[in-house]
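This report refers to the structure that appears directly beneath it.
The values are calculated or read from the model by the stated rules, or taken from the named source; none is laboratory data. Note that the coordinates shown come from a computational prediction; the quantities given were computed from them, not determined experimentally. In this analysis, Cβ positions are derived from the backbone assuming ideal geometry, glycine residues included, and neighbour counts consider all displayed protein chains.
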Amino acid sequence: MSRRLDIEIPAGLDGRKIRSVLQTQLGLSAGLVTRLKHREGAVLLNGRPAKTLDTVHAGDRLSVEVGDAGGSAFAPVPARLSILWEDEDILILDKPADMAVHGRSDKGEPTVGSAVAAYLGTAAPFHPVNRLDRGTTGVMCAAKTGYMHERLRRLLHTEGLRREYLAITQGVPEPRSGVIDLPIGRRGEEKRFCVREDGAASLTRYETLAEGDGLALLRLRPETGRTHQIRVHLSHIGCPILGDRLYGRVSAEIARPALHSSRLTLVHPLTGVTVEAAAPLPEDMRAVLERHGLAQA
């Protein structure tokens, strides 16, 4: 997928090497700058092919191709795809519960990757920024190029990219709001994770929004991004997510873990503009709240 970035060299960068400008001003990784050497016409200085070690001067026009060289690794499978926000570099969507981010798209299984390939075309590689479990719904961000994926990855778990979730739990946490700061690691050879002393640092902030009939509606903000972090943390404090058979138990009320990525806020790496995207609570979680008379967030 083609994507060029252009910059006019200001007086303060006069005499710099192109490599330095690309890394400091446009945020290209050292690896990407190196790969550009092998892509004909990837770097243009005043409209002419240039090398990354060439010198720039004030007023010069520098243009660089940051699009991925390869296409999508996913076979396109038309599927419902609710777009919340989009520009040339970023795609933010509302993921449904019955769709994995990755999966057997070559066998026709609907996945977010295969749906994006059908939407953007197979020339657009799929770069998920915040991945959601198959059963988790809501806001998910993907980059349209490896370059933008790297820029957004650096923002994860900072004020530049904030994520917020809603969950219905079995049990009410005590205290009603606070921080779960417990390390997480793999549970033996299993695919499950657990709190363990030698695990990776993991921190989740939570707030109880409503409670009743032994259930609670929580707003959560993970400050780190461990696999199954929210599910593991809530289970450990005795408040597993409703319907989470892996870290709690099966529920007749909902066929999946009642976890929803409700909001994402990011500072766009190129424009500096704050982008906010929110996804409404899905019907299955809404029905549980209504059944128990819990106020919705």
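A compact table of results
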quantity	calculated
Residue check, Thr265 assigned to a loop (DSSP other than H, G, I, E, B), closer than 30 Å to Gln25 by Cα and in contact (Cβ under 8 Å) with a residue 40 or more places away in the chain	no
Which numbered condition Glu159 misses (of (1) touching a His at 6+ places or on another chain (Cβ under 8 Å); (2) exposed (fewer than 14 other Cβ atoms within 10 Å of the Cβ); (3) not β-branched (Val, Ile, Thr))	(1)
Residue in the stretch 73-94 that is hydroxyl-bearing (Ser, Thr, Tyr), touching a residue at least 12 places away in the same chain (Cβ under 8 Å) and outside the structural domain of Phe126 (by TED's automatic domain parsing) present	no
Extreme residue, surrounded by the fewest Cβ atoms within 10 Å (Cβ to Cβ), among residues of the stretch 22-40 that are among the aliphatic types (A, V, I, L, M) and not in a helix (DSSP H, G or I)	Leu26
Which numbered condition Arg192 misses (of (1) surrounded by fewer than 16 Cβ atoms within 10 Å (Cβ to Cβ); (2) within 13 Å of the chain's Cα centre (by Cα))	(2)
Lone qualifier among His292, His268, His236, His260 - being surrounded by fewer than 18 Cβ atoms within 10 Å (Cβ to Cβ) and either assigned by TED's automatic domain parsing to the domain that holds Leu91 or within 18 Å of the chain's Cα centre (by Cα) (or both)	His268
Unmet requirement for Arg131, which otherwise passes all of (1) within 26 Å of Leu220 (Cβ to Cβ); (2) surrounded by 19 or more Cβ atoms within 10 Å (Cβ to Cβ); (3) not aromatic (Phe, Trp, Tyr)	(2)
Identity of the residue in the stretch 183-205, in contact with a Cys (Cβ under 9 Å, 6 or more places away or on another chain) and in a strand (DSSP E or B), that ends up farthest from Thr224 (Cα to Cα)	Arg186
Filtered residues of the stretch 41-64 (kept if within 13 Å of Asp6 (Cβ to Cβ) and surrounded by fewer than 18 Cβ atoms within 10 Å (Cβ to Cβ))	Leu44, Asn46, Gly47, Arg61, Ser63
Looking only at the stretch 109-141, and only at residues there that are modelled with pLDDT of 95 or more and outside any loop (DSSP other than H, G, I, E, B), the one that is nearest to Leu32 (Cα to Cα)	Cys141
Which numbered condition Ile254 fails, given (1) farther than 15 Å from Arg162 by Cβ; (2) surrounded by 21 or more Cβ atoms within 10 Å (Cβ to Cβ); (3) hydrophobic (A, V, I, L, M, F, W, C)	(2)
Residue in the stretch 13-21 that is part of a loop (DSSP other than H, G, I, E, B) and either loosely packed, with under 14 Cβ neighbours inside 10 Å or small (Gly, Ala, Ser) (or both) present	yes
